[in-house]
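Scroll down for the structure; my scribbles are underneath it.
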Amino acid sequence: MFKKYMLLLVCLIGFTSLNSHAALIFNGSYTTNTDQSLDWLRWDLTNGQSYNDIQSQLGSGGEFEGWRYATSNEAKNFLSSFGLIDYQSFNLAQENSFEAWKQLTDYMGFDHSYYGSPDFNWIYGMVDAEGGTFSQSFNHFYYVNSQDPLKHFTSSFSVDAKMIFLGSFLVRDSVSFSSLSMSTPVAEPTPLILLLIALVMLRLSLLFSRSSLKKDNVTLTA
């Protein structure tokens, strides 16, 4: 019986180790990606403003003080958390699921006013232009009545472009955790440590079983 309990414990520890992965933590106006240790500002707090408009507000005293433009690689890693990968040009736009769209927009917001219809939903996010005159944008749309309603792709916009469906992906180094959620970060054991503990406990269970068997043999002999 003891051995059965120990094997069950090993399985539970293994399951826990597999699930101790990065998470997205929603904090209202921003989302924390624990894998990147970055906070991501909601997209819909920046849409309708050009890259240069936002850039001018990143410094001390600005509306977005403490934030910066995400790099292209940071944006790719963040978006992959929603299952959105392989961003290519518009003619090679990738289809995605409604679930991916819903999760992304729940965290980041979206716009549906460009065509004046709720059937057309957009979230185009610019990243760091690296001093150039164009910024790469990671684009997502949901056309409710289209045969191909959900697509994502990448393109570039002038740093002066200003459109309601166009916003910015801004990040900052993650704070300890949101003061809104009042949660305290707890260090999780690494999968390797968990597995080592499981192996030690399994070994002890085997030794215990052998010891019990020897005692039973001695009793029977007597």
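The values are calculated or read from the model by the stated rules, or taken from the named source; none is laboratory data. Not measured: the values here are computed from a predicted model. Every residue, glycine as well, gets a Cβ built from its backbone with ideal geometry; the counts of neighbours run over all protein chains shown.
Annotations
- Scanning segment 119-128 for residues being in a strand (DSSP E or B) and surrounded by fewer than 20 Cβ atoms within 10 Å (Cβ to Cβ) gives a total of 1.
- Subset of segment 131-161 that is within 18 Å of N91 (Cβ to Cβ) and charged (D, E, K, R) - its residue that is surrounded by the fewest Cβ atoms within 10 Å (Cβ to Cβ): D148
Residue by residue, here is whether (1) closer than 23 Å to Q147 by Cβ; (2) assigned to a helix (DSSP H, G or I) holds:
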position	(1), (2)
N52	no, yes
G62	no, no
G66	no, no
N73	no, yes
K76	no, yes
L79	no, yes
G83	yes, no
Y107	no, yes
S117	yes, no
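- V127 vs. criteria in the same structural domain as L38 (by TED's automatic domain parsing) and modelled with pLDDT of 55 or more: yes
- For I13, the test of being buried (at least 16 other Cβ atoms within 10 Å of the Cβ), modelled with pLDDT of 95 or more and aliphatic (A, V, I, L, M) is failed.
- Selection of first residues in segment 37-59 that are among the hydroxyl-bearing types (S, T, Y) and of second residues that are outside any loop (DSSP other than H, G, I, E, B) and surrounded by 16 or more Cβ atoms within 10 Å (Cβ to Cβ), restricted to Cβ pairs under 6 Å at least 6 apart or on distinct chains, gives the following pairs, ordered by first then second residue: T46/I54; T46/G167; T46/S168; Y51/M126; Y51/S135.
- Residue within segment 84-101 that is closer than 17 Å to G167 by Cα and either buried (at least 21 other Cβ atoms within 10 Å of the Cβ) or not assigned by TED's automatic domain parsing to the domain that holds F153 (or both) present: yes
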